[in-house]
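A.B. asks: Submitted below is the structure of interest, expressed as structure tokens.
The values are calculated or read from the model by the stated rules, or taken from the named source; none is laboratory data. All values derive from a computational prediction rather than experimental measurement. Methodologically, a virtual Cβ is constructed for each residue, glycine included, from the backbone with ideal geometry; neighbour enumeration extends over all protein chains shown.
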Amino acid sequence: MYMDIAVPDDCFELAPNLRQLDKYELALTGRDPLWSLLYPFRANRPNTFTFSVYNAEHKVIAMFGCCPYYKTPKKAAAWWLSTDEPFKSWHYLRNQKRVFEYVASHYDFLCNFATAEQKTTLRWVKYMGFTVDKQEVLVKNVKMKYFYLEPKGFKGEPIDNVCGPRWITRYQKSADNS
């Protein structure tokens, strides 16, 4: 598995293959998978990051990123939508954490919600450094967990060696991405 800067075509490939829990969560908020995946491209806000995750056959198996809130570019929604495949590789998740720390360093505050049933996703957000609120919130009579992170800057390793060709092409002159 590897990750790279996402392009809109990735959204069309991933949308029909999302996990059922992800589709359910999106439906609770009145959004369909394709609309949600394309949103960061349509919002056209500075400081937006969207990455795709590819398997060995170069198929899109996940997308994640951060999209700043309107008029508050240092506060953003962090998101992750995927098939079941990425959660099978802890080696990949370790590399993804490096990329996520780099992305998070561009913000003062990140947050989002997940349904209480999203056990795997909630483990992922905790692994990424988020705090998951113990208090659940009801959305359309469904229990949701709020999670948030206040990044403290980027002190990690450069991420060039874990990203694909679009990242390398865009940032090829950089030896350090901090």
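A.B. asks: If I go through region 99-148 residue by residue, how many of them are out of contact with any Phe, Trp or Tyr (no Cβ under 7 Å at 6 or more places or on another chain), assigned to a helix (DSSP H, G or I) and either among the aromatic types (Phe, Trp, Tyr) or under 14 Å from residue 79 (Cα atoms) (or both)?
C.D. replies: 6
A.B. asks: Here's something else I'd like to know. From the list 14, 38, 21, 28, which one is surrounded by fewer than 16 Cβ atoms within 10 Å (Cβ to Cβ) and either within 23 Å of residue 87 (Cβ to Cβ) or touching a helix residue (DSSP H, G or I) at 6+ places or on another chain (Cβ under 6 Å) (or both)?
C.D. replies: 28
A.B. asks: Then there's this: All but one of (1) over 12 Å from the mean Cα position of the chain (by Cα); (2) at pLDDT below 90; (3) not in a loop (DSSP other than H, G, I, E, B) hold for residue 3; which doesn't?
C.D. replies: (1)
A.B. asks: Given (1) surrounded by 20 or more Cβ atoms within 10 Å (Cβ to Cβ); (2) over 23 Å from residue 165 (Cβ atoms); (3) modelled with pLDDT of 90 or more, identify the lone condition not met by residue 124.
C.D. replies: Going through (1) surrounded by 20 or more Cβ atoms within 10 Å (Cβ to Cβ); (2) over 23 Å from residue 165 (Cβ atoms); (3) modelled with pLDDT of 90 or more one by one, residue 124 breaks only (3).
A.B. asks: Return only the number of the condition from (1) modelled with pLDDT of 90 or more; (2) charged (D, E, K, R); (3) under 25 Å from residue 149 (Cα atoms) that residue 10 does not satisfy.
C.D. replies: Residue 10 satisfies all of (1) modelled with pLDDT of 90 or more; (2) charged (D, E, K, R); (3) under 25 Å from residue 149 (Cα atoms) except (3).
A.B. asks: Against the condition touching a helix residue (DSSP H, G or I) at 6+ places or on another chain (Cβ under 6 Å), closer than 19 Å to residue 150 by Cα, aliphatic (A, V, I, L, M) and buried (at least 21 other Cβ atoms within 10 Å of the Cβ), how does residue 114 come out, does it pass?
C.D. replies: Yes: the conditions hold for residue 114.
A.B. asks: Further question: Which count do you get for residues in region 46-60 that are more than 15 Å from residue 110 (Cβ to Cβ), surrounded by 22 or more Cβ atoms within 10 Å (Cβ to Cβ) and among the hydrophobic types (A, V, I, L, M, F, W, C)?
C.D. replies: So the count comes out to 2.
A.B. asks: I've got another one for you. Which of the residues that make up region 130-151 are touching an Asp or Glu at 6+ places or on another chain (Cβ under 9 Å) and either farther than 26 Å from residue 71 by Cα or modelled with pLDDT under 90 (or both)?
C.D. replies: 142, 143, 151
A.B. asks: Which condition number in (1) farther than 15 Å from residue 10 by Cβ; (2) out of contact with any Lys or Arg (no Cβ under 8 Å at 6 or more places or on another chain) is the one that residue 53 fails?
C.D. replies: Condition not satisfied by residue 53: (1).
A.B. asks: Also: Quick check on my filter: what residues within region 50-98 are touching a residue at least 24 places away in the same chain (Cβ under 8 Å), in a helix (DSSP H, G or I) and hydrophobic (A, V, I, L, M, F, W, C)?
C.D. replies: 87, 93
A.B. asks: Another question, then. Based on this model, can you work out whether residue 110 counts as within 17 Å of residue 51 (Cβ to Cβ) and at pLDDT 90 or above?
C.D. replies: Judged against the criteria, residue 110 is a match.
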